[in-house]
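Single-structure report; data block below.
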Amino acid sequence: MSKVIKLKKGLDIPLKGKAERILIKPDMPELFAVKPSDFHGIRPKMLVHPDDPVKAGTPLFFDKYNPDVYFTSPVSGKIVEVNRGARRKILEVIIKKGDTMIYEEFGKADPLSLSSEEIVSRLLKSGLWPLLKQRPFGLIPKPEQRPRSVFISGFDTAPLAPDYDFVMKDSGDEFQAGINVLRQLTEGKVHLNVCGDYPLSSVYENATGVQLNYFSGPHPAGNPGVQIHHLDPIHKKGKVWHIAPQDVLILGRLFLNGVVDFSRTVALTGSEVLKPRYYKTVMGASVNTILKDNVKKAGLRYISGNVLSGKKIPSDGFIGFFDSQVTVIPEGNYHRFMGWADPGLDRFSASRAFFSWLMPSRKYVHDTNYNGGPRAYVMTGEYEKVLPMDIIAQQLIKAIIVEDIDKMENLGIYEVIEEDLALCEYVCTSKTEVQSILRSGIEMMIKETS
Amino acid sequence: MKLLREKLDKIKPHFQKGGRFEKLHSTFDAFETFLFVPDRVTDRGAHIRDAIDMKRTMIIVVVAMIPTLLFGMWNVGYQHNIAFGIDAGFWETFWYGFLEVLPIIIVSYVSGLAVEFAFAQIRGHEVNEGFLVTGMLIPLIVPVDVPLWMVSVATIFAVIIGKEAFGGTGMNILNPALTARAFLFFAYPIYMSGDDVWISGIMNGEGMVDGFSGATPLAHAAQGNIESVPSAMEMFIGTIPGSIGETSTIAILLGAALLWFTGIGSVRIMASVFAGGLVMGLILNAFAANPFMEIPAWEHLIMGGFAFGAVYMATDPVTASQTNRGKYIYGFLIGLLAILIRVLNPAFPEGMMLAILFMNVFAPLIDYNVMQANIRRRIKRASEGSDN
């Protein structure tokens, strides 16, 4: 039975630079990369070496802790290099694309006629398994485990996020095939959560075998964590998986076409992009080609993902494994005179401490300045205003800071990952690093429970 | 601006690690960040951060206190004029009060900030902005004739024992400004209560208008002289004797509106303090065993320091309850206790200070219970939800 959930808490940060609904098919860049740092809790072991030829779908590395979980190449060509950081940690596996795309063959099949085990083994071999995320903790699921339900959030409420109605247009068959794959993975429901504020797109409307739920409200209403909290809350026991809509298409293509096709539509957004639009590209692609002659002057922050929970990349960096958005905003490395006395007409704040509240419909150019120094907690109740979950976020963060495992567990660490508390970090007057504190708490929990 | 920035950049290395004045790092940092927002950019987590910071927050609270401060200055002059039968114009009256109050503000800021800077230095912390508010609150809640050395001693006591002993701003259990007030109240009771301390210059009694009483409305009420209590309008406007900033309910409401509108003061706490006071007033009305208990419940809200405490003291986010539900309980109990102490305890003419300090101590307990309820609720939901 579908559910309608209206959320009031949250915050839509009004930024400049939303992508126009125009799809561009740029030239494919030369270089692609798979970054192990996009995944939590894995220990990559290399399967290829520089100069090895690869096809799209050839395994590049696997997880030492779960040797069945492979990570595969998004394109065909050859390995250029394996970038390593401190203690030989693998940062990036860089692949140079060949002239023509050659795919590994995995065979076409109808997912509904396959057993759950057969589907899992296809997903593992093809490297699509890591597209699934498990709650609690946002990890890659263990191949032998099954979730009690699967969540697809059909919309994204993050700042400047891509419009999935546009992105998913005309991919009904692939979407349905992907949903069929997910249905074979759980005994429970597959939830497709859509935005209740505007009419349903035909792709979502025609999807079968899912429970359609409507969510409305400001960000983070589109986060799977928030949706799971309201529909199938988890505590100590129970696992729930979620997957992004474009990744459902990738699952679908594996079974419809028998190949690994990591194509994705990516929204190029942000105030410093000259023409923010949608680009047809491939996971792990270098942002070179889409940014070329399309950004303003120097001194920019390039982000794979959104401004709240995306990852910083260099100007010739690579799109992350899970990201459907690239954002470019100005860096904020300058001094501002007497900021505390500034009337602040051009500074956005969730509080009304700046006169920008006079212009509620204004869109802002937001830079990366901290806008103040870090302090001990003084203000309270700020986090609760932007978190539409029954979780006392500030007390949870305090429990993590003092490393109180019991309290973390009781206050709801199982239900959140970084993106869910990203707005708390944004609004914090004390400039607390909420997301990295939360991740350290999650790592403590993983150590404790494994 | 650019010139100033260049100067700062030039001397900055001296205050950093290995520099000549490394020990004065916190002091330099305090002045530098006062002049310029740091150029630090985000490096992990969210790439953008809200424009608000602690300095802005504290400045807004200080701005919210300005109506009470200005009215208080004028009222100091006005009460003085009445007591001595002086006929003076508006500006003269204000100027008299200004000269009386300014030294208290200066002493409070200088002694408090000296301790703050010293502790920041020793701990290697940044200087916290919290004292900007405390330093303004202290002058507003003392009688105008308080000796300056007492203000200084009380401020130093409050900052060291009330705040730094617990780890500094954000860690304290008791509201520092009220700690200073309580210190004064218990250490120098003669200067802090009675009928002669509220109006400037009447301690020695020379030249006063015959038969003049400097008693506050609460003192009149406590003695049963209900007919001497000023009219509700006078108490609402604030033309009555009392601590410098507490008398005018209008000025306090202006501040409350700013705190509420900006989202910096918790309206949950403010509203529930008033609700609690009203409820206790009604209960007392129901028994009505003496004239004080017969005062209309709503009139209690504009008497004494009740409104001031509700808006500026109870809402201190560090010492109040931190959970949303807890804030309602915390505020309500403050209102209840304040009126209870005020009316039924003859030892204390006013109950607001003690009620807030008492509930400061209980705030963590309230939060604990709110959290336990949240935990039970969430566990219950999770087990109900797992139907497969």
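Each reported figure results from applying straightforward, stated rules to the coordinates on display, with no laboratory input. Just so it is clear, the structure is predicted and the values come from calculations on it, not from any experiment. Reconstructed Cβ throughout: ideal geometry from the backbone, glycine too, with neighbour counts over all protein chains shown.
Remarks
- Volume per residue for the stretch B:1-47 equals 100 cubic angstrom (convex hull of Cα atoms).
- Ordering of A:398-411, A:354-367, A:219-232 by packing [mean C-beta count within 10 Å, highest first]: A:219-232, A:398-411, A:354-367
- Each of B:ALA221, B:THR239, B:PHE98 was placed along the dipole of chain B (beta-carbon charges, centred on the mean Cα), and the one lying farthest toward the positive end is B:PHE98.
- Ratio Rg/Rh, restricted to the protein assembly as shown and using Cα atoms, in which Rh is the Kirkwood radius: 1.06
- Since only A:ASN369, B:MET208, A:VAL427 are under comparison, the one whose Cα sits farthest along the positive direction of the charge dipole of the protein assembly as shown, derived from C-beta charges on Lys, Arg, Asp and Glu, is A:ASN369.
- Cα gyration tensor category, rounded, prolate or oblate, for the stretch A:31-97 with a/c compared to 1.5: oblate
- Put in order of Cβ neighbour count within 10 Å, fewest first, the listed residues B:THR323, A:THR429, B:THR155, B:THR27 become B:THR27, B:THR323, A:THR429, B:THR155.
- The Rg/Rh ratio of chain B, with both radii computed over alpha carbons and Rh defined as the Kirkwood radius, is 1.02.
- Computing Rg and the Kirkwood Rh from the Cα coordinates of the stretch A:196-336 gives a ratio, Rg/Rh, of 1.02.
- For A:ASP247, neighbours were defined as the other residues whose beta-carbon sits under 10 Å from its Cβ, and their charges (Lys and Arg +1, Asp and Glu -1) total +2.
- Computed over chain A, the percent of Cα pairs more than 37 Å apart is 23.
- Shielding value for B:314-320 is 2, the average number of Cβ atoms from other chains within 10 Å of each residue's Cβ.
- Ranked by how many other beta carbons lie within 10 Å on average, peptides A:307-320, B:305-318 from highest: B:305-318, A:307-320
- Calculated P(r) tail over 17 Å for the stretch A:382-449, as whole % of Cα pairs: 30
- Helix A:116-126 axis, angle to chain A major axis (alpha carbon atoms, nearest 10°): 80
- Shape parameters for the stretch A:41-185, alpha-carbon atoms, Rg then Dmax in Å: 17.0, 47
- The protein assembly as shown: antiparallel DSSP beta bridges as a percent of all, rounded to 5: 65
- On Cα atoms only, tilt of A:418-427 relative to the major axis of chain A in degrees: 20
- With 5 Å bins beginning at zero, the pair-distance distribution over Cα atoms of the stretch B:1-118 amounts to 2, 9, 11, 13, 13, 13, 11, 9, 7, 6, 4, 2, 1, 0 %.
- Cβ neighbours within 10 Å from other chains - mean over A:375-387: 6
- Loop-located trypsin sites (Lys or Arg not before Pro) across the stretch A:14-110 with a Cβ neighbour count of 14 or fewer within 10 Å are A:ARG21, A:LYS64, A:LYS89, A:LYS108, with loop assigned by DSSP.
- Out-of-range pairs (alpha-carbon distance over 27 Å; input A:LYS311/B:LYS380; A:LYS45/A:LYS142; A:LYS133/A:LYS407; A:LYS78/A:LYS142; A:LYS18/A:LYS89): A:LYS311/B:LYS380; A:LYS78/A:LYS142; A:LYS18/A:LYS89
- Crossing angle, helix A:172-183 versus chain A [Cα axis fit, 0-90 degrees, rounded to tens]: 90
- Residue-averaged beta-carbon neighbours from other chains (10 angstrom radius) around A:231-241: 4
- Highest mean first, the peptides A:168-177, A:242-251 sorted by other C-beta atoms within 10 Å per residue fall in the order A:242-251, A:168-177.
- Kyte-Doolittle mean at least 1.6 and Cα axial length at least 27 Å: DSSP H helices in chain B: B:267-287
- The calculated FRET efficiency for A:GLN211 paired with A:VAL402, based on their beta-carbon distance and R0 = 45 Å, is about 0.70.
- C-alpha center-to-center spacing [the stretch B:153-198, the stretch A:27-82] in angstrom: 64
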